[in-house]
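Everything below concerns the one structure shown next.
The values are calculated or read from the model by the stated rules, or taken from the named source; none is laboratory data. These figures come from a predicted structure and were not determined experimentally. In this analysis, Cβ positions are derived from the backbone assuming ideal geometry, glycine residues included, and neighbour counts consider all displayed protein chains. In case anyone asks, the SASA skips ligands and DNA or RNA and just uses the protein heavy atoms, side chains included. Shrake-Rupley method; radii C 1.70, N 1.55, O 1.52, S 1.80 Å.
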Amino acid sequence: MKQCPHCKSEILDDSLYCDRCGQHLMICADCGTYARGKFCPNCGGKHIIDPLEYEQQHKHEQSVENATDIEKRMAELRSTDGSITLLLNDAEEYIIGRKSPQFGKQLAGCARMSRKHAKMWCGKDDGKWRVCDFASTHGTKINGYPLETETTYYINDGNTISFAGYEFSFTEKIE
């Protein structure tokens, strides 16, 4: 319940007019307080508007806030022996290989793996992770199935991905 700025009677929060005095109610766009005149009695703001306009502005602000809270997709590739862990996020494309700009140091000891073996990324349109082999010498597999070169394949949570015989378990995480 709020108070009518004209007659001081109690009114419902979503009222457009006071039930007692019939005055059209206005709201301060800055702080949401019912106001009359040119200035808000609460914050001194000069932007006094109709409650419906205030509600529309407030809904728009909330939808913009919610749009920035989009789920972030993360993933992890962990070698089956546990010696290598590669962390991925949906903002980048990753080169998997001994000369990878992101993982070159971790994968440098994988002698059979090509310098640029494969690419992994998360699709912006559907949020699904993908892998594509770069015509590597020793190939890439998903759950033991050999991939054709230069062809995109979807990866699911729990899949085992093999790059030149080095096996990694794929785990998807959503934040």
*Taking Asp125 and the conditions (1) farther than 26 Å from Lys72 by Cα; (2) open to solvent by 20 Å² or more (accessible area, probe 1.4 Å); (3) part of a loop (DSSP other than H, G, I, E, B), which numbered condition does it fall short on, given that it satisfies the others?*
(1)
*If you check Lys116 against the conditions, is it assigned to a loop (DSSP other than H, G, I, E, B) and within 24 Å of the chain's Cα centre (by Cα)?*
no
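Determine, yes or no, whether Thr137 is among the β-branched types (Val, Ile, Thr) and either assigned to a loop (DSSP other than H, G, I, E, B) or more than 19 Å from the chain's Cα centre (by Cα) (or both). Walk me through how you get there before you give the answer.
Values: among the β-branched types (Val, Ile, Thr): yes; either assigned to a loop (DSSP other than H, G, I, E, B) or more than 19 Å from the chain's Cα centre (by Cα) (or both): yes.
Judged against the criteria, Thr137 is a match.
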*Check off (1) modelled with pLDDT of 95 or more; (2) open to solvent by less than 70 Å² (accessible area, probe 1.4 Å); (3) not polar (S, T, N, Q) for Lys141 and give me the number that stays unchecked.*
(2)
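When you go through Leu88, Leu107 one by one, which is the residue that is in contact with a Ser or Thr (Cβ under 9 Å, 6 or more places away or on another chain), among the aliphatic types (A, V, I, L, M) and open to solvent by less than 50 Å² (accessible area, probe 1.4 Å)? Working first, answer last.
Numbers: Leu88 fails: in contact with a Ser or Thr (Cβ under 9 Å, 6 or more places away or on another chain).
Of the residues listed, the single one that is in contact with a Ser or Thr (Cβ under 9 Å, 6 or more places away or on another chain), among the aliphatic types (A, V, I, L, M) and open to solvent by less than 50 Å² (accessible area, probe 1.4 Å) is Leu107.
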_Please count how many residues of the range 144-156 are exposed (fewer than 13 other Cβ atoms within 10 Å of the Cβ) and in a loop (DSSP other than H, G, I, E, B)._
5
*Taking the residues in the range 157-175 that are out of contact with any Ser or Thr (no Cβ under 9 Å at 6 or more places or on another chain) and in a loop (DSSP other than H, G, I, E, B) as candidates, determine which candidate is surrounded by the most Cβ atoms within 10 Å (Cβ to Cβ).*
Gly165
